[in-house]
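**Student:** One structure, as structure tokens, below. Some questions next.
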Amino acid sequence: MRPLTAACLALLLGLAIAGVWPPTNSLVSEHRSLTQPGSPVRTNVLGYSVRHRPIVAWRLTTDPAGQSMLVVGSIAGDERGGIAVTRKLATDAAIAGVTLWLVPDMNPDGTVRGTRVNANGVDLNRNFPFRWRDLGEPGSRYYPGSRPSSEPETRAIEAFIRRVRPALSIWLHQPYRLIDDSEGPRWAERYLARTTELPLHRLPDYPGSAIGWDDHIIPSSAFDVELQGGELSQTTIRRVTTAIRSLASRLARRGSAQNGISGQR
């Protein structure tokens, strides 16, 4: 092997300081074992963060023609509990009649830093184009960016949702321990409230939010599940994942029933 030149060493040092090197990401490497032959899980890279960390989607299915359902583990880098939920979902068996898409972390730079905002200091949950508005100056907790969809993370998720068009989307947040019933499908919100033992409560509709945009693109399809704060216990993770899987099965049955009705016309 030829020795690295001083220029190459300087480049690698600069990439390391910037958080770009090494290029591997734990969410990719961690689940390489799940993408072995015979596994129902496939890893897709949707795009890259500001610091060029991959934004990963895991697809869990044995029936690509089934209903599509999305679970996003984290959009705020200081709300990491949902990442553990999506990891657990990715290790479970596929669900008949459902293609389950899992995006564990759409803000990997914020997760590494432990900050709500991404590496540009933008709150991704105020950066989506639906009802976006200027909420404050750079450096503030809810800074929405210089313009709608200014961030590569936002654009990657927008393109993915437009392509997949999930019939149901769950966006996991912390720490309020409730299910927001302000925008999404009431049947799904109520069902998940019962199975997770979380109360239903209406939260404000924030400008530029991911869920607001998602529901604008695919009406009444997305809602917010607020988990408790901090690191989740294994009991909580199991309870939430079991409830989400049960909801996915119900979604598949609803899809089959609707298709049956359509076929009788």
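**Student:** Sort 140-146, 61-67 for me by packing, meaning the mean count of neighbouring Cβ atoms within 10 Å per residue, highest on top.
**Tutor:** 140-146, 61-67
**Student:** Now for a different question. What list of ³J(HN,Hα) values in whole Hz, one per residue of region 91-104 in order, does the Karplus curve 6.51 cos²θ - 1.76 cosθ + 1.60 (θ = phi - 60°) give from phi, with Gly and Pro shown as x?
**Tutor:** 9, 8, 5, 5, 10, 4, x, 9, 9, 9, 9, 10, 10, x
**Student:** Another question about this same structure. Which order results if HIS201, HIS52 are arranged by neighbouring Cβ count within 10 Å, fewest first?
**Tutor:** HIS201, HIS52
**Student:** Same structure again: Assign one of three labels to region 66-146, namely rounded, prolate or oblate, based on the Cα gyration tensor with a ≥ b ≥ c the square roots of its eigenvalues; rounded applies when a/c is under 1.5, prolate when it is not and a/b is larger than b/c, and oblate otherwise.
**Tutor:** oblate
**Student:** Another question about this same structure. Any idea what the dipole of region 135-228 comes to, in debye rounded to 20, about its Cα centre with Lys/Arg Cβ at +1 and Asp/Glu Cβ at -1?
**Tutor:** 220 debye
**Student:** Another question about this same structure. Provide the percentage of antiparallel DSSP beta bridges, counting only those with both residues in region 31-263; round to the nearest 5.
**Tutor:** Here the share of antiparallel DSSP bridges comes out near 45 percent.
**Student:** Here is a further query. If I take R0 = 51 Å and measure r between the Cβ atoms of ASN44 and ASP134 in this structure, what FRET efficiency does the formula 1/(1 + (r/R0)^6) give, to the nearest 0.05?
**Tutor:** With R0 = 51 Å, the Cβ-Cβ based efficiency is 0.95.
**Student:** Further question on the same structure: Once you sort the root eigenvalues of the Cα gyration tensor of region 136-265 as a ≥ b ≥ c, which label holds: rounded (a/c under 1.5), prolate (a/b larger than b/c) or oblate (the other case)?
**Tutor:** oblate
**Student:** Just the number, please: percent antiparallel of the DSSP beta bridges in region 55-166, rounded to the nearest 5.
**Tutor:** The antiparallel proportion sits near 35 percent.
**Student:** Charges only on Cβ, +1 for Lys and Arg, -1 for Asp and Glu: so what's the dipole of region 31-263 about the Cα centre, in debye to the nearest 20?
**Tutor:** 600 debye
Readers should treat all values here as calculations from the given coordinates under stated rules, not as data from a laboratory. Keep in mind that this is a model prediction, so the values were computed, not measured. When we count neighbours, we look across all protein chains shown, and the Cβ atoms used for this are built from the backbone with ideal geometry, even at glycine.
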